[in-house]
Structure formats: C-alpha cells, structure tokens
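Since the structure comes first, as structure tokens, the remarks are kept for the end.
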Amino acid sequence: MNENTIAALVFKCAKKVHETLGPGLLESAYEECLCYELRDFDLKVERQKPLPITYEDIVIDTAYRTDVILED
C-alpha cells in the first residue's frame with residue numbers, strides 16, 4: 001500500500017470518527033477510535049511510540065512520543 005492510499009484511509013477514518021463523536025472530547029478518545037477504524041482496514045497501527053532525539057552528545061530515549069505510526 002502506498003503513502004497516498006494510506007493517507008486517503010486516514011482521512012476517511014478521521015472524518016468518520018469526527019462526524020460520529022463530534023467536538024469536545026479528549027485527544028485520547030479520538031486517537032483510540034481512529035486506531036480502531038484504521039485497524040479495520042488491516043493497517044498496522046502503533047500508538048504512543050517513543051521516538052528518541054539526540055541533543056549534543058546525548059540520546060534522550062523518551063523525549064518525544066508519536067501519537068500514531070502506520071505501517072512502520
């Protein structure tokens with residue numbers, strides 16, 4: 001599956017979640033529902049994955065967490 005196909009599915013799923021839940025909920029609720037919808041399309045979904053950063057000579061393993069990573 002190429003990036004454009006994945007992006008179209010993300011848009012479709014995000015739109016469905018927004019239309020179903022409406023505004024005003026916590027981000028975590030939308031994220032959980034979005035991931036549920038994406039998995040329904042057999043996409044590999046990873047949530048809250050640590051992403052290390054390098055600052056000068058040190059690597060900070062837990063400095064940043066991605067919300068969602070799809071298909072590695």
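Please go through region 9-41 and give me each residue that is over 20 Å from residue 66 (Cα atoms) and not β-branched (Val, Ile, Thr), ordered by number.
12, 15, 16, 18, 19, 21, 22, 23, 24, 40, 41
Which of the strands (runs of 3 or more DSSP E) found entirely inside the chain contain at least 1 residues meeting this: out of contact with any helix residue (DSSP H, G or I) (no Cβ under 9 Å at 6 or more places or on another chain) and of a type in the set (Gly, Ala, Ser)?
The strands (runs of 3 or more DSSP E) meeting that bar are 58-65.
Find all pairs meeting these conditions: Cβ atoms under 8 angstrom apart; at least six residues apart or on different chains; first residue within region 10-36 and at pLDDT 95 or above; second residue basic (Lys, Arg).
What qualifies is 31/47; 35/47.
Can you list residue pairs whose Cβ atoms sit under 8 Å apart, with the first residue in region 50-72 being among the β-branched types (Val, Ile, Thr) and the second being not in a strand (DSSP E or B)? Count only pairs 6 or more apart in sequence or on different chains.
Once the first residue is among the β-branched types (Val, Ile, Thr) and sits in region 50-72, its partners that are not in a strand (DSSP E or B) give 66/48; 66/49; 68/31; 68/34; 68/35; 68/38; 69/49.
Does at least one position in region 1-13 carry a residue that is surrounded by 13 or more Cβ atoms within 10 Å (Cβ to Cβ) and touching a Phe, Trp or Tyr at 6+ places or on another chain (Cβ under 8 Å)?
There is at least one residue in region 1-13 that is surrounded by 13 or more Cβ atoms within 10 Å (Cβ to Cβ) and touching a Phe, Trp or Tyr at 6+ places or on another chain (Cβ under 8 Å).
Applying the selection to region 46-67, what residues are touching a strand residue (DSSP E or B) at 6+ places or on another chain (Cβ under 6 Å) and not charged (D, E, K, R)?
Residues satisfying the conditions are 48, 50, 51, 52, 53, 59, 60, 62, 63, 64, 66.
The values are calculated or read from the model by the stated rules, or taken from the named source; none is laboratory data. Just so you know, these numbers come straight off a predicted model, no measurement behind them. All Cβ positions, glycine included, derive from the backbone under ideal geometry; neighbour counts span all protein chains shown.
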